[in-house]
Structures are given as C-alpha cells and as structure tokens.
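Here's the structure, in structure tokens; my notes come after.
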C-alpha cells in the first residue's frame with residue numbers, strides 16, 4: 001500500500017518553454033510514495049530524467065502495482081512528463097488524458113497537457129488547460145504563467161504574454177527564465 005503526504009502534488013509544473021534555455025520541455029511530476037516502482041517513476045520525473053528506461057519503470061508500475069486512484073493518476077502524469085522530456089507530445093498527451101479520466105481535478109495533468117500542446121505548436125489549444133490548472137491550484141503556478149506567456153506570445157498577444165511573465169516573476173522572483181523573456185519587451189505608454 002502506498003503512503004501519501006499531505007499535498008501529494010509536490011512537484012514542479014511543466015515548463016514547456018524551458019527549451020529556450022537549451023533544456024527539455026516539461027517538468028511537472030506528481031509525488032508517489034511507497035517504495036515501489038511508482039515511487040521510482042515519481043523520483044525519475046522529479047529529477048528531470050529522460051531515459052527510456054525510466055519510462056518503462058512507470059509502465060511496469062501501472063501494469064503490476066496495486067495503486068490507489070491518486071497514485072495511478074500521478075504515475076500517468078509522471079510517465080507523461082518523461083515523455084515530454086523526450087519530445088513525444090502525442091504520447092505524453094495520451095498519458096495526461098488517462099490521468100484526467102482517473103482524477104478529473106488533477107491540476108498537474110492539465111498544466112502538463114498544456115505544455116505538450118505548446119511543444120506541438122498548438123498554442124491556442126494549450127490555453128484552456130493552463131487556465132484550468134491555475135483555477136485548480138497547480139503546485140507551482142509561476143511555471144503555469146510562464147507557459148501561458150509562451151502561448152500568448154506565439155498567438156501574437158504580447159500584452160498578455162508580458163503580464164504572464166510578470167506574474168511568473170512575482171510568484172518566483174529567483175527564477176531566471178521569465179526574467180530573460182521579459183527583458184525582450186519594451187513597454188510604451190499610449
């Protein structure tokens with residue numbers, strides 16, 4: 001039986017735009033505890049791993065372990081995060097969809113599905129998912145705002161992008177990526 005901590009969604013939300021800094025997209029893992037394969041999957045997703053072997057660990061956990069619904073949904077999210085890092089947008093999206101079938105209010109599944117849409121250049125499709133994740137209380141909203149800013153910018157809405165980058169900085173002043181993006185903007189009064 002897997003133990004859960006209060007606030008079991010203790011991982012970073014996906015950052016589809018991390019690729020701008022030369023890193024992989026996606027980092028929104030869900031904490032799963034208990035010492036089994038699902039926990040190893042969770043640790044790999046949280047650590048930023050990209051190995052196909054880690055994805056296989058997640059699959060084996062889903063196929064062989066008796067997981068409660070939260071941990072099963074979280075394991076789908078974690079496997080999806082690993083797929084995001086390998087730029088497998090459609091396959092990752094399928095895992096986030098499966099997680100949402102199990103747990104329809106899982107904010108990390110929504111924000112990661114939004115990140116996959118951004119990665120696949122389906123920017124308009126990403127916005128409802130990111131907005132839903134924010135409404136549900138995603139664990140790291142700064143990253144959701146950053147993703148939404150990327151989508152707004154790609155959709156030629158620089159004003160909304162600007163305010164979302166600002167919000168990301170407000171929520172996480174130490175995070176450099178939104179600061180780098182915001183430095184490209186020039187604000188003029190009309």
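The residue that is surrounded by the fewest Cβ atoms within 10 Å (Cβ to Cβ), counting only those in the stretch 95-116 that are in contact (Cβ under 8 Å) with a residue 60 or more places away in the chain and within 23 Å of residue 157 (Cβ to Cβ), is 116. Checking residue 47 against (1) within 23 Å of residue 172 (Cα to Cα); (2) touching a helix residue (DSSP H, G or I) at 6+ places or on another chain (Cβ under 6 Å), which single condition isn't satisfied? Answer for residue 47: the failing condition is (2).
How about the stretch 169-190: which of its residues are assigned to a helix (DSSP H, G or I) and more than 13 Å from residue 150 (Cβ to Cβ)? Steps first, please.
Keep residues of the stretch 169-190 that are assigned to a helix (DSSP H, G or I), which gives 169-171, 176-182.
Answer for the stretch 169-190, where residues must be assigned to a helix (DSSP H, G or I) and more than 13 Å from residue 150 (Cβ to Cβ): 169, 170, 171, 176, 179.
When the stretch 73-94 is limited to residues that are touching a residue at least 40 places away in the same chain (Cβ under 8 Å) and not in a helix (DSSP H, G or I), the one that is farthest from residue 39 (Cα to Cα) turns out to be 87. Is at least one residue of the stretch 142-149 outside any loop (DSSP other than H, G, I, E, B), out of contact with any strand residue (DSSP E or B) (no Cβ under 8 Å at 6 or more places or on another chain) and without any contact (Cβ under 8 Å) to a residue 12 or more places away in the chain? Scanning the stretch 142-149, I find no residue that is outside any loop (DSSP other than H, G, I, E, B), out of contact with any strand residue (DSSP E or B) (no Cβ under 8 Å at 6 or more places or on another chain) and without any contact (Cβ under 8 Å) to a residue 12 or more places away in the chain, so the answer is no. Among the residues making up the stretch 95-122, those that are more than 14 Å from the chain's Cα centre (by Cα) and either under 22 Å from residue 135 (Cβ atoms) or part of a helix (DSSP H, G or I) (or both) are 98, 101, 102, 103, 104, 105, 122. Note on the stretch 117-137: residues that are surrounded by fewer than 19 Cβ atoms within 10 Å (Cβ to Cβ) and within 24 Å of residue 49 (Cβ to Cβ) total 1. From the set of residues in the stretch 34-55 that are buried (at least 16 other Cβ atoms within 10 Å of the Cβ), over 15 Å from the mean Cα position of the chain (by Cα) and assigned to a loop (DSSP other than H, G, I, E, B), which is modelled with the lowest pLDDT? Among those that are buried (at least 16 other Cβ atoms within 10 Å of the Cβ), over 15 Å from the mean Cα position of the chain (by Cα) and assigned to a loop (DSSP other than H, G, I, E, B), it is 34. Scanning the stretch 143-160 for residues that are under 23 Å from residue 93 (Cβ atoms) and modelled with pLDDT of 95 or more returns 144, 145, 146, 147, 148, 149, 150, 151, 152, 153, 154, 155.
The values are calculated or read from the model by the stated rules, or taken from the named source; none is laboratory data. Predicted model only: the values in this text are computed from it and were never measured. For neighbour counting, all protein chains shown are included, and Cβ atoms are generated from backbone atoms with ideal geometry for every residue, glycine included.
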